[in-house]
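Engineer: One structure, pasted below without further comment.
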Amino acid sequence: MLQRLKSARQDRPVDFFRGFLDRPMQVGSVIPSSRFLERRVVGAADLADARVVVELGPGTGGSTRALLKALPADATLIAIEINPDFVKVLKRHMPDPRLIVHEGSAEDVRGALAKHGFEAADVVISGIPFSTMPEALGAAIVSEVHASLVPGGRFVAYQVRDKVHELGRRVFGRARVKTELRNVPPMRVYRWERTREAS
Ligand SMILES: C[S@@+](CC[C@H](N)C(=O)[O-])C[C@H]1O[C@@H](n2cnc3c(N)ncnc32)[C@H](O)[C@@H]1O
């Protein structure tokens, strides 16, 4: 029965929950994002013309699968995941040729891009829990995201608490904010753009 449930749900909730028990602060949620939240994040990311997209914290891949569905056929998605158990799940169950699963930290987005032959990202999407990490680490990640984006590039982050809003405002300026109630717990989705004149 459990096995049938596991294979029916493509976001692998059992693997995800196990990951949460191992590293609660880093995973930050007991279940993966809902389909409604995934759709809202995909809409905010505006992927139709994107060529290089980075996902921070793909977890067990539910959000990654939603991003791949919306991604152009010739685009690349680099999914940066810090948890080696989640990396194994992603590599085993997500054979899409557009997807590169990169084990590492969101602190080094440019290092991940360079390792795979890219200079900058058109879009960065983040599900990592900024409110449970040290403030300095969160600030460093947001600055790194900004530096990794092309001018006009988008940063989309979904969170329960508004820590990322505070950090993002310092670097990017004002965010566009939407709330998705059909998720446990309800989430805010923030979207910023790197200004075109920034160097
Ligand atoms: C709330 S889960 C989101 C999972 C999935 N994206 C979803 O929406 O269901 C947060 C994820 O961020 C990862 N994570 C936390 N800190 C990270 C970091 N510094 N770099 C990369 N991934 C990180 C965790 O291991 C976990 O997979």
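No lab work stands behind these numbers, since they all come straight from the coordinates. A quick note: this is a predicted structure, and the numbers were derived from the prediction, not measured. Note: ideal-geometry Cβ built from the backbone for every residue, glycine included; neighbour counts use all protein chains shown.
Engineer: To two decimal places, what compactness ratio does the range 8-51 give when its Cα radius of gyration is scaled by 2.2 N^0.38 Å?
Structural biologist: Against the compact-globule rule of thumb, the ratio is 1.44.
Engineer: Could you compute the FRET efficiency for Ala48 and Ser131, with r as their C-beta to C-beta distance and R0 at 35 Å, rounded to 0.05?
Structural biologist: Taking R0 as 35 Å, the efficiency between Ala48 and Ser131 is 0.65.
Engineer: A follow-up question, please. Would you mind pulling out the separation of the Cα centroids of the range 24-43 and the range 80-112, in Å?
Structural biologist: Cα centroid of the range 24-43 versus Cα centroid of the range 80-112: 17 Å apart.
Engineer: Quick check: from the Cα gyration tensor, does the range 10-117 come out rounded (a/c under 1.5), prolate or oblate?
Structural biologist: Taking the square roots of the gyration eigenvalues as a ≥ b ≥ c, the range 10-117 is oblate.
Engineer: Distance from a point 7 Å along Cα→Cβ of Asp96 to each backbone N in the range 25-45: keep the residues under 12 Å and list them by number.
Structural biologist: 42
Engineer: Taking H placed 1.01 Å from N in the peptide plane, check which residues at least 5 places from Val54 or on another chain put their amide H under 5 Å from its amide H.
Structural biologist: The list, which skips near neighbours in sequence, is Ile78, Val123, Val124, Ile125.
Engineer: Rg and Dmax of the chain, using alpha carbons, in Å: what are they?
Structural biologist: 15.6, 56
Engineer: Which shape class, rounded, prolate or oblate, goes with the range 89-199 when its Cα gyration tensor gives a ≥ b ≥ c as root eigenvalues, a/c under 1.5 marks rounded, and past that a/b bigger than b/c marks prolate?
Structural biologist: oblate
Engineer: Next question, about the same structure. Provide the FRET efficiency to the nearest 0.05 for the Val14-Arg182 pair, computing r from the beta carbons and using R0 = 25 Å.
Structural biologist: 0.70
Engineer: With the crude spin-label approximation of a point 7 Å out along Cα→Cβ, what separation in nm comes out for Asp74 versus Arg169?
Structural biologist: Using points 7 Å along Cα→Cβ, the separation is 4.1 nm.
Engineer: Here's something else I'd like to know. Can you tell me how much longer the chain between Val160 and Lys88 gets when fully stretched, taken as 0.36 nm per residue apart minus their C-alpha distance, in nm with one decimal?
Structural biologist: The Val160-Lys88 span can extend by a further 23.2 nm.
Engineer: Now for a different question. Give the angle, between 0 and 90 degrees and rounded to the nearest 10, that separates the Cα long axis of helix 163-172 from the longest principal axis of the Cα atoms of the chain.
Structural biologist: 30
Engineer: Quick one: of the DSSP bridges fully inside the range 33-193, what percent are antiparallel, nearest 5?
Structural biologist: 35
Engineer: Note the angle between two axes, namely the Cα long axis of helix 13-22 and the longest principal axis of the Cα atoms of the chain, as a number of degrees from 0 to 90, rounded to the nearest 10.
Structural biologist: Rounded to the nearest ten degrees, it is 70.
Engineer: Separate question: So, with +1 on the Cβ of K and R and -1 on the Cβ of D and E, and no other charges, what is the size of the charge dipole of the range 41-199 about its Cα centre, to the nearest 20 debye?
Structural biologist: 420
Engineer: Between Arg196 and Ala114, what's the calculated FRET efficiency when r is the beta-carbon distance and R0 is 25 Å? Round to 0.05.
Structural biologist: Plugging the Cβ-Cβ distance into 1/(1 + (r/R0)^6) gives 0.60.
Engineer: Lysine pairs in the range 40-191 with alpha-carbon atoms under 25 Å apart, 8 or more places apart or on different chains: how many are there?
Structural biologist: Pairs that pass both the separation and distance tests number 7.
Engineer: Could I ask something else about it? Angle, helix 35-45 long axis vs. longest principal axis of the chain, Cα atoms, 0 to 90°, nearest 10?
Structural biologist: Orientation of helix 35-45: about 20 degrees from the principal axis.
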